[in-house]
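Taking it in order: structure first as structure tokens, then the write-up.
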Amino acid sequence: MSEFQIGDKVTAIYKTGKYIGEITEERPQHYLVRVLAVLTHPMQGDLHHPKSADVGIFHERRSLAYREQTNVPKQMVKHYVEEIPEYQESLRIAVDKLKKDLVEAASPWADKSLEIIKGLEQDYFK
């Protein structure tokens, strides 16, 4: 029997973002998780060269959307028992924390990341 059941509320790490969601399906190596809130906004840039500004393509990494479903490796899923925050508010908190961390990092990577985040904010919070 699996540790998790369909409908369980969980935290799930996908790439560099962390989300609160619910399991909608179990697969052999993954759980399909429906996103309900954001805990950590994904880092910007190249995942293979983290915190480096000197890369071929500096990727914009969007947060997963409300109710978007994604495959999460089973080991990256944990039980979540607290109250689930409203998605848009959780996204705002996660973006604000990322911006604060980037300002403190004060590096070329952080500067590029902040530029991207400013554009994402215009889209996220229309």
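Read-outs throughout are calculated quantities, based only on the coordinates presented, and are distinct from any laboratory measurement. Given the structure is predicted, the values throughout are model-derived calculations rather than measurements. Please note: Cβ atoms are built from the backbone with ideal geometry, for glycine as well, and neighbour counts cover all protein chains shown.
Observations, loosely collected:
- Of LYS9, LYS118, the sequence from fewest to most neighbouring Cβ atoms within 10 angstrom is LYS118, LYS9.
- Residue-averaged [θ]222 nm for the chain, counting only DSSP H segments that reach four residues, each worth -39500 (n - 2.57): -9500 deg cm²/dmol
- Put a dot 7 Å past the Cα of GLN5, heading toward its Cβ, do the same for GLU104, and the two dots end up 4.0 nm apart.
- Amide H to amide H, with H built 1.01 Å from N, ALA37 comes under 5 Å of ILE20, counting only residues 5 or more places away or on other chains.
- Rounded, prolate or oblate (a/c below 1.5 giving rounded, otherwise prolate when a/b exceeds b/c) for region 8-104 by Cα gyration tensor: oblate
- Applied to region 36-47, the Karplus parametrisation 6.51 cos²θ - 1.76 cosθ + 1.60 on θ = phi - 60° returns per-residue 3J(HN,Hα) values of 10, 7, 10, 9, 9, 6, x, 6, 9, x, 8, 4 Hz, with x for Gly and Pro.
- Sequence-distant residues sharing a close amide H with ASP8 (under 5 Å, placed H): ILE23
- Stretching THR40 away from HIS59 to a fully extended chain increases their span by 5.1 nm, per 0.36 nm per residue minus the current alpha-carbon distance.
- When ILE13, ILE20 are arranged by Cβ crowding within 10 Å, least crowded first, meaning fewest neighbours, the order is ILE13, ILE20.
- Ranked for footprinting exposure by Cβ neighbours inside 10 Å, fewest first, ARG34, ARG62, ARG27 give ARG27, ARG62, ARG34.
- Placing pseudo-labels 7 Å out from each Cα toward the beta carbon at GLN75 and ILE93 gives an inter-label distance of 2.9 nm.
- Lysine pair number, Cα distance threshold 15 Å (strictly under), the chain, separation 8 or more or different chains: 16
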